[in-house]
1. Taking square-rooted eigenvalues a ≥ b ≥ c of the alpha carbon gyration tensor, is segment 19-65 rounded, prolate or oblate, where a/c under 1.5 means rounded and, failing that, a/b exceeding b/c means prolate?
2. Using θ = phi - 60° and the Karplus curve 6.51 cos²θ - 1.76 cosθ + 1.60, what whole-Hz ³J(HN,Hα) does each residue of segment 94-101 get, with Gly and Pro shown as x?
Amino acid sequence: MTQDGNSATPSSRRGRRPGASGTRQAILDAARTRFAEDGYAAATIRKIAADAGVNAALVMQFFGSKEELFGAVMSISPEALARIAQAFSGPRNVLGERVTRACLALGEGEPQDGESLLAMLRAAISNPQAAAQLREFLQARLVNHITPDLPDVGEATLRAGLASSMLIGVIVGRRIVQVPALAGEDLESVIRMVSPAIQAILTAKPESGSQTS
């Protein structure tokens, strides 16, 4: 008891600070909102940390990088994120095949990844932001990868947007809408059909001298 008859002062009632699990969840909640409002590219660790009431170093301590934080928000495993990252390494003449394989396998690989992705895309039927977040995540990686060969950032962004939209569309058509011809094909056949289009979108040289005299 205190001298004024109260059982405890505010500081003595404060008790233990929120544990690691509570802090981690606060960061995830803040990141989910920030990714939805700003998109993947514009959402920064500093902004997410401020929203969660923590410092940026603590966010990095829990998640390591913005990419891993996004993966946690989307319930995509670190292994799946690593496969996507690896798709951007290697010869450019098979970039389309690597990116297509990594993205389409995301929905049909490990059960936890596939189910989480499908749940997110099903939510997109009523909440377009869900699929948009994944699409922009892929687009941001593609833009960074192809911009050195495409000095026009606007064209690089357009190409990356087309490629990422196509890949997300194939996953939706195959696994959610289940278009018969698409859903009935094995994954390797779909990859062989889609890869050339993705390759062309990402790596075809810009046309020059298109204006007529």
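1. Numbers: a/c = 1.98, a/b = 1.53, b/c = 1.29.
Taking the square roots of the gyration eigenvalues as a ≥ b ≥ c, segment 19-65 is prolate.
2. Whole-Hz 3J(HN,Hα) from phi for segment 94-101: 10, 4, x, 5, 5, 5, 4, 4.
None of the figures in this text is laboratory data; all of them are computed from the coordinates on show. The shown structure was predicted, so the numbers you read here are calculated from the model rather than taken from an experiment.
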